[in-house]
1. Kirkwood hydrodynamic radius (Cα pairs, Å) of the chain?
2. Hey, how much of the P(r) for region 177-304 falls beyond 19 Å, as a percent of Cα pairs?
3. Grab the other residues whose beta carbon is less than 12 angstrom from that of residue 157, score K and R as +1, D and E as -1, and report the net.
4. Check which residues have an amide H placed less than 5 Å from residue 203's amide H, if you skip close sequence neighbours.
5. Compute the signed sum of charges (Lys and Arg +1, Asp and Glu -1) over the other residues within less than 9 Å, Cβ to Cβ, of residue 80.
6. What does the charge count around residue 112 come to, taking other residues whose C-beta lies under 10 Å from its C-beta (Lys +1, Arg +1, Asp -1, Glu -1)?
7. Collect residues whose amide H, placed 1.01 Å from N in the peptide plane, falls under 5 Å from the amide H of residue 182; neighbours closer than 5 in sequence don't count.
8. Of all DSSP beta bridges in region 139-265, what percent run antiparallel (nearest 5)?
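The values are calculated or read from the model by the stated rules, or taken from the named source; none is laboratory data. All figures in this text were calculated on a predicted structure; none of them were measured in a lab. Don't worry about glycine lacking a Cβ; one is built from the backbone with ideal geometry, like all the others, and counts go over all protein chains shown. With ligands, DNA and RNA removed, areas are computed over all heavy atoms of the protein, side chains included. Shrake-Rupley method; radii C 1.70, N 1.55, O 1.52, S 1.80 Å.
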Amino acid sequence: MRAVTARRYGGPRVLALETLPRPRPGPREVLIRVEAFGVTRGDARLRALDAPRGMGLPLRLALGVTRPRRVVPGREFAGTVAEVGPGVTRWTAGTPVMGITPGLTLGAAADYCVVAEGGLLVRRPDTLPVPEAAGYFFGLLTAADFLMDQARLGAHERVLVNGATGAVGAAATWLAARLGATVTALASPGNHDFARALGATETADYRAPPPPGPYDVVLDVAGTLPWRQARPLLTDTGRLGLVSAALGPQIAASLHPNRQGRRLCAGLVKETPQALARALAFHAQGYRPVITALPLDAIVEAHRLASSGHKRGNVVVLTV
Ligand SMILES: NC(=O)c1ccc[n+]([C@@H]2O[C@H](COP(=O)([O-])OP(=O)(O)OC[C@H]3O[C@@H](n4cnc5c(N)ncnc54)[C@H](OP(=O)(O)O)[C@@H]3O)[C@@H](O)[C@H]2O)c1
């Protein structure tokens, strides 16, 4: 099969296309014919060992000290069940699916990948084309985790989304509006119309001080609104979601989340079958991720875009 490989850490040019043996599904595993895979900011960070400050060493230990142990990158995929391993009862060949390879096992950036039958795998709705399905989960799972589970956003609350038009921000802007909140989106001026189309009622350039609010929830997707700067923007019971904070603020947030009525929310997004099912339910309510789709031989360009910190929505790569 064709596979993207990264045999060392570095910029997008460390990626290559190679021919590798097709994986085989073991007991209770499912072989997926990958038709598209996502190239997220997370994938770009793993490729480059570009962790938020303080997390570089743990990431290196997890991925491989001198070079990546898992040479095929990629987590989010959409495709079709190609074959099932012994004991699989839930899936049959030919079923359209989408999902995520678990943890740091990676491997989705190839013609085929293997996942556990009870893992992060769901049936792909007919109304969700393959490219959108491959870019569906990264942003929306993160947005739902921070806004719904951690910040417990209520209808009629006010939300500030800092970094509102990338994968996470676009999903968060849509979701917050969908939950009945009033959204102020911080984005570069060229993306203001896009942010309004997602559901923001107010937009502002992130290079200027944000509109003063106050906000019930500030979601700092870009990592440029730490507690000290966000605090004056919050109501007395406001919550600050630190989506991309360095290790220090993450530890501070978990040790000391409550700050005189206000609260810090942080941590890695929880990826579970239940979280996937909830996210997918939003498709029936109109959610469709915004996608830039590139062919497999443009994998270096796809990673360049994902590394830029300025993409609109999601980047996916098509293998068919
Ligand atoms: N905690 C978790 O588990 C978790 C999960 C997923 C993602 N993340 C992190 O979330 C971050 C965002 O991911 P993403 O996929 O949404 O990234 P992305 O698609 O690259 O989007 C980045 C966004 O940030 C905006 N931006 C760039 N510079 C900015 C600045 N100085 N101030 C405010 N906004 C700015 C960009 O807007 P313009 O294009 O208009 O410049 C764009 O909307 C990444 O750091 C990622 O690692 C964390």
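1. After inverting the mean inverse Cα-Cα distance, the result is 20.0 Å.
2. 62 percent
3. +2
4. When sequence neighbours closer than 5 places are left aside, the close amide H contacts are 185.
5. Every neighbour counted, the sum reads +1.
6. Once positives and negatives cancel, what remains is +2.
7. Amide H neighbours of residue 182: 156, 157, 158, 159.
8. Just about 10 percent of them are antiparallel.
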